[in-house]
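The values are calculated or read from the model by the stated rules, or taken from the named source; none is laboratory data. Owing to the predicted nature of the structure, the values given are computational and were not obtained by experimental measurement. Methodologically, a virtual Cβ is constructed for each residue, glycine included, from the backbone with ideal geometry; neighbour enumeration extends over all protein chains shown.
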């Protein structure tokens with residue numbers, strides 16, 4: 001391929017009447033150079049989409065944490081009652097962690113379904129596009145959703161578990 005490019009360059013220099021140390025007025029690109037450029041563009045787009053995904057996960061996680069903090073505040077009396085009848089801190093902590101994880105997983109499943117529908121729509125709009133929603137990606141997305149729910153649910157669950165039962169029962 002390289003020798004063919006050099007041969008083409010020599011022929012073009014001769015046809016364009018370019019002398020020995022003069023600069024070429026054309027450019028010969030090989031398939032390797034074109035693939036390299038395409039790879040760089042693909043890498044940049046991948047990084048950009050990764051940053052957008054990370055920001056989306058952060059915003060979603062903060063939303064889950066806020067919802068769970070409101071839930072803890074609204075259910076303060078319930079938490080106090082559970083503690084008064086024998087629930088341990090660990091029980092309350094696990095309850096709220098499971099709730100936040102389920103909230104995130106259901107949101108993740110909704111996102112997966114929305115993405116699959118979007119992929120099918122894109123496939124129908126673009127003739128030569130084939131989309132695949134792999135089972136491995138679905139499991140990965142579900143696991144990441146669960147991890148986000150657990151991570152951002154730790155603080156609200158900890159606050160719920162640390163409530164004083166007497167103060168919680170008096171709470172209005």
Practice task
At least 3 residues that are within 27 Å of residue 63 (Cα to Cα) and under 21 Å from the mean Cα position of the chain (by Cα) in each: list the helices (runs of 4 or more DSSP H) lying fully within region 80-172 that qualify.
Solution key: 89-125, 135-161
Handout entry: Options 49, 81; residue that is modelled with pLDDT under 95 and within 22 Å of residue 144 (Cβ to Cβ)
Key = 49
Handout entry: Number of the exception - residue 42 against (1) over 27 Å from residue 141 (Cβ atoms); (2) without any contact (Cβ under 8 Å) to a residue 60 or more places away in the chain; (3) loosely packed, with under 12 Cβ neighbours inside 10 Å
Key = (1)
